[in-house]
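Reading through the structure tokens given below for one structure.
What follows draws every value from the coordinates through simple rules; no lab data is involved. Just so you know, these numbers come straight off a predicted model, no measurement behind them. With ideal geometry, Cβ positions are generated from the backbone for all residues, glycine too; neighbour counts draw on all protein chains shown.
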Amino acid sequence: MSHEATERDTLHRMYKYALAHGAGSGVALTELSAALVLPPSETKVAADQLVAMGLLRRQPGNCLVAVSPAEAAEVALSPLERDVRLQRLQIEEARKQLLSFVAEFESYLTSVDKPQSQFQVLEQLTDVRAVIADLTHHCREEILTAQPGGRRDEGVLEEAMPRDEDALKRGVRMQILYQHTARFSRGTTVYVDRVTQLGAHVRTLDDHFSRMLIFDRKAALIAVPGKAHAAALIREPHMVAFVTESYERLWLAAETFVGSTDTRVVIADDLRQSIVRLLTEGMTDASIANRLGMSVRTCRRHVAEIMAELGAQSRFQAGYMLAARAAVNT
């Protein structure tokens, strides 16, 4: 057995012993050393590792008590999850701030006779689709897309399929980002099965993000706030680089989606945790549903289940109980 395997075995044996014998007052290092037949120095090193992992907790008198893996994971991962949420908020705020300068930028381009193609707002859906088709056709290296809103319209996917398949067969790399709720859409699953077989990579996120498409890191299409079917076409290199960096941050925080072979249990739990988080923030059912890309009816069913588990009589009471629980666990 390798040194690494031996060390891992020691950690598991120590944790198992602490679970069995450490209830209440805990176990001392000397007891662990004797029970596991380990030198005191190795016992201390292993115990320190388990304490650092959060699986053992020191009690008065230097005794050790076992902690559940779920509790240890919550303590270790909560700060990381808060950082991810903060980064997403920062990305969205930066994007909104930059887009607030669109009018001035377009005016500047006109005044100095710059080519309008560097930044253009496409108002009509037909124009947006024509630009997407043209950019995909001329793309040679990479297409990055982020499509929020949960379930994807099957008509849109059928229209995109031949175009995307052609790009993938030409060797174009493709990354596609959806929200978690897209995993529960049969049409989206069929599409993901086909494009992943050709080499595309697909991931999903629990939270909302802005729609964007990036072609060869030279051109980008982003959503226009307040205009569902409009898009801003960007060719200015610095702006495209900013949009690409925003996309890459989202991609790193997302979970792999492999189509019909995908397991939905963990994702469903992630969505439930997101609903709990947004409920504690006082958001309405409609706002939560829109944020997570699900129907209001589905959201209300989840909220009702959460309230029943808590024994809460109202949304306000449920939010208060969840916030109090979060404060205790922090």
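Remarks
- Within the straight-line cut-off of under 24 Å between alpha carbons, the lysines reachable from Lys44 are Lys16, sequence neighbours fewer than 8 places apart in one chain being disregarded.
- Counting only DSSP beta bridges with both residues in the chain, the antiparallel share comes to about 70 percent.
- The alpha-carbon of Lys96 sits under 18 angstrom from the alpha-carbons of these lysines, leaving out residues fewer than 8 places away in its chain: Lys227.
- Residue of Gln317, Gln49, Gln118 that the Gaussian network model of the chain assigns the largest fluctuation, springs spanning Cα pairs under 10 Å: Gln49
- Of the residues Phe257, Leu86, Leu292, the one whose Cα sits farthest toward the positive end of the charge dipole of the chain, with +1 on the Cβ of Lys and Arg and -1 on the Cβ of Asp and Glu, is Leu292.
- In this structure, the amide hydrogen of Asp206, modeled 1.01 Å from its nitrogen in the peptide plane, lies closer than 5 angstrom to those of His180, counting only residues at least 5 positions away or on a different chain.
- Karplus-derived 3J(HN,Hα) values for the stretch 199-213, using 6.51 cos²θ - 1.76 cosθ + 1.60 with θ = phi - 60°, are x, 5, 10, 10, 9, 9, 10, 6, 9, 6, 8, 7, 6, 7, 9 Hz; glycine and proline are entered as x.
- Shape descriptor for the chain: Rg over Rh equals 1.09 (Cα atoms; Rh from the Kirkwood inverse mean 1/r).
- A cut-off of 5 Å between modelled amide H atoms, ignoring neighbours fewer than 5 places along the same chain, links Leu55 with no other residue.
- Think of each Lys and Arg Cβ as +1 and each Asp and Glu Cβ as -1; about the Cα centre, that makes the dipole of the chain roughly 500 debye.
- Mean separation of Cα contacts under 8 Å (6+ apart) over length of the stretch 89-261, as relative contact order %: 27 percent
- Fluctuation leader among Ala219, Ala182, Ala73 - the chain, Gaussian network, Cα springs under 10 angstrom: Ala73
- The modelled label-to-label distance between Leu86 and Lys44, using points 7 Å beyond Cα along the C-beta direction, is 3.5 nm.
- For Phe119, the residues whose modelled amide H falls within less than 5 Å of its own, excluding neighbours fewer than 5 places apart on the same chain, are Arg235.
- Only Lys, Arg, Asp and Glu carry charge here, each on its Cβ (+1 for the first two, -1 for the last two); on that basis the stretch 175-245 has a dipole of about 200 debye about its Cα centre.
- Build a GNM of the chain with springs between Cα atoms under 10 Å apart, and of Leu86, Leu55, Leu144 the one that fluctuates most is Leu55.
- Proxy reagent accessibility, fewest Cβ within 10 Å first, across Tyr247, Tyr178: Tyr247, Tyr178
- Positive-end residue of Leu55, Val190, Ala167, charge dipole of the chain with Cβ unit charges: Leu55
- Tail fraction, Cα-Cα pairs, the stretch 3-67, threshold 18 Å, whole percent: 22 percent
- When Rg and the Kirkwood Rh are both derived from Cα coordinates, the Rg/Rh ratio for the stretch 89-261 amounts to 0.96.
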